[in-house]
Amino acid sequence: RNPDTFGGDGSGFPMLEFVDSQYGWAWRSFFLGAGSSGNEFYQTIDGGRTWRLFPEAYLFHLTGMDFLDLKYGWVTQSYGFGYLPPFSLGQTHDGGSSWEFSEVPPPADPERYSNCRLSSPSMRSPTAGEVTFECVTDDGESEWFVSESSDSGQTWQARPIPTQPDQFVSASVGWIRELPRPAEVTEPGTQHWDLQWTHDGGLSWSSVGTVALLRGTSFDFVSAQ
């Protein structure tokens, strides 16, 4: 991309979300100096060739973004314990021009964890969807939860899940990655993952192959391909 497209000092690769080959959004934070940072939110309608800046979006500390269509979208904000509110869901009904935020309650007693992080919003309809919590114990172990809402975030139902959630693009097609057993020897800072996919909603899985990724790398699919 053109390094001047997103302004600022060029730091902070943007978080991207597309609903088809032409319509998408981008958010990024960038360092301004003296301990401060800025945030910018954009929309494209031509596959990323040009971008429109939303100067009044005021989106901070985003950890995830999902759009259902050209109007409805969710973002997650995660500040962590000690902040009010520590976790928030942002909703737009006008393609990102304006946002309304509401608090998302943590999935369990905060005293059980040193911190939690809210991320991975996934919409099923304009009013229903789910978000993911990763909570870290004092021993450094991660525990995962999915919180679901069917009333635009007014109420939430949390349930534990055994590991980092799968990545689904529809009710039937999704992926999951697992560390091979025994784990392969890799370069420092790199892990080999067995990437598997399902076409029947998780009833059966087949291996796509092994991929080498830097530790901490996330992945995202927008379609079956």
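The values are calculated or read from the model by the stated rules, or taken from the named source; none is laboratory data. What you see is a predicted model; the values in this text were computed from it and never measured. Here the Cβ is made from the backbone with ideal geometry for all residues, glycine too, and neighbour counts use every protein chain on show. For the accessible areas, the whole protein counts, side chains as well, though only heavy atoms, and no ligand, DNA or RNA atoms are used. Shrake-Rupley method; radii C 1.70, N 1.55, O 1.52, S 1.80 Å.
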Residue-wise, which Karplus ³J(HN,Hα) couplings in Hz belong to the stretch 80-94, taking 6.51 cos²θ - 1.76 cosθ + 1.60, θ = phi - 60°, and x for glycine or proline? x, 4, x, 10, 10, x, x, 9, 9, 10, x, 10, 10, 10, 9
Got a sec? Which residues in the stretch 85-100 would a label at Glu56 touch, if it sits 7 Å along Cα→Cβ and we count backbone N under 16 Å? 92-100
Given a Förster distance of 41 Å, report the FRET efficiency between Trp205 and His93 from their Cβ-Cβ distance, rounded to the nearest 0.05. 0.65
Once you order the gyration tensor axes a ≥ b ≥ c over the Cα atoms, which shape class does the stretch 89-151 get: rounded for a/c under 1.5, otherwise prolate or oblate by comparing a/b with b/c? prolate
Which one of Pro110, Trp99, Ser122 has its Cα pushed farthest toward the positive end of the charge dipole of the stretch 79-129, where Lys and Arg give +1 and Asp and Glu give -1 at the Cβ? Ser122
With all protein chains present and a 1.4 Å probe, how do Val19, Val222 order by accessible area, largest first? Val222, Val19
Probe 1.4 Å, all protein chains in place: accessible area of Ser21 in Å², nearest 10? 90
Between Phe81 and Ala108, how many nm apart are label points set 7 Å from Cα along the C-beta direction? 1.2
Efficiency of FRET from Cβ geometry, Glu100 and Ala158, R₀ 22 Å, rounded to 0.05: 0.50
In debye to the nearest 20, how big a dipole does the stretch 46-153 give about its Cα centre with +1 on each Lys and Arg Cβ and -1 on each Asp and Glu Cβ? 500
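Can you check what the net charge comes to around Ser98, using other residues whose Cβ is under 14 Å from the Cβ of Ser98 (Lys, Arg +1; Asp, Glu -1)? Numbers along the way, then the final one.
Details: positive: Lys71; negative: Glu56, Asp94, Glu100.
Residues near Ser98 contribute -2 overall.
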Tally Lys/Arg at +1 and Asp/Glu at -1 over every other residue whose Cβ is under 13 Å from the Cβ of Tyr83; what's the total? 0
Env charge @ Val136, Cβ radius under 12 Å, K,R +1 / D,E -1, value -3
